[in-house]
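The values are calculated or read from the model by the stated rules, or taken from the named source; none is laboratory data. This one's a predicted model, so the numbers in the text were calculated from it and none came from an experiment. All Cβ positions, even for glycine, are placed from backbone atoms using ideal geometry, and neighbour counts span all protein chains on display.
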């Protein structure tokens, strides 16, 4: 009871709700982002310095280390795109050519990235991405808008999360495993 005789608010009513999942789907998506990043980080931890520097493929000459750093770096962009779609705003100005240009620039700038720096960034940015996803409501996850990386199709925010922030670490881990014969 308060001094005015009213029932005091419950503790959970006083705590900020930021970072709390309001959606089981959002929580599931966030957990899968964390799982993929943790798998990539655990695999990266096991690599020797020479393995860290191996190009991922004949067509993608970026080193394993650059790829891990790339995954870490783009989480924020991927979440930004999902938030735009969740708000009902079309994303029409992002092209695969622009993505390729961004990736090439990143590869040049991060050619010497250390394992410890890349893995630390991967852990930090994946946590932040998962936290941002946990804040999505079911309604936001269901909102759809035209998305240029999906040929302008009106896709949902959940699809953008799954196809980008969630899938990204899994996709690159598979490519890295193949490059290293593991």
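Checking the condition in a helix (DSSP H, G or I) and at pLDDT below 95, which residue from 100, 3, 72 passes? Before you say what the answer is, go through the steps one by one.
Values: 3 fails: in a helix (DSSP H, G or I); 72 fails: at pLDDT below 95.
Step by step, each of 100, 3, 72 is checked, and only 100 is in a helix (DSSP H, G or I) and at pLDDT below 95.
Any idea which residue in the stretch 6-50 is surrounded by the most Cβ atoms within 10 Å (Cβ to Cβ), counting only those that are within 16 Å of residue 128 (Cβ to Cβ) and at pLDDT below 95?
If we take residues in the stretch 6-50 being within 16 Å of residue 128 (Cβ to Cβ) and at pLDDT below 95, then 21 is surrounded by the most Cβ atoms within 10 Å (Cβ to Cβ).
For (1) closer than 25 Å to residue 85 by Cβ; (2) modelled with pLDDT under 95; (3) touching a strand residue (DSSP E or B) at 6+ places or on another chain (Cβ under 6 Å), each residue gets a yes or a no:
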residue	(1), (2), (3)
104	no, yes, no
107	no, yes, no
111	no, yes, no
117	no, no, no
147	yes, no, yes
154	yes, no, yes
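Give me a count of the residues in the stretch 124-157 that are closer than 15 Å to residue 75 by Cα and touching a helix residue (DSSP H, G or I) at 6+ places or on another chain (Cβ under 6 Å).
So the first thing to find is which residues in the stretch 124-157 are closer than 15 Å to residue 75 by Cα, and the list is 124-134, 157.
Add one more test, that the residue is touching a helix residue (DSSP H, G or I) at 6+ places or on another chain (Cβ under 6 Å), and what stays is 125-126, 129-130, 132-134, 157.
Residues meeting the conditions: 8.
Would you please name the residue that is nearest to residue 37 (Cα to Cα), looking only at residues in the stretch 65-85 that are crowded, with 24+ Cβ neighbours inside 10 Å and over 8 Å from the mean Cα position of the chain (by Cα)?
So the residue we want is 68.
Can you name the residue in the stretch 110-122 that is touching a helix residue (DSSP H, G or I) at 6+ places or on another chain (Cβ under 6 Å) and within 21 Å of residue 33 (Cβ to Cβ) and, of all such residues, is surrounded by the most Cβ atoms within 10 Å (Cβ to Cβ)?
Result: 118.
Quick one: count up the residues across the stretch 112-170 that are closer than 17 Å to residue 93 by Cα and in a helix (DSSP H, G or I).
6
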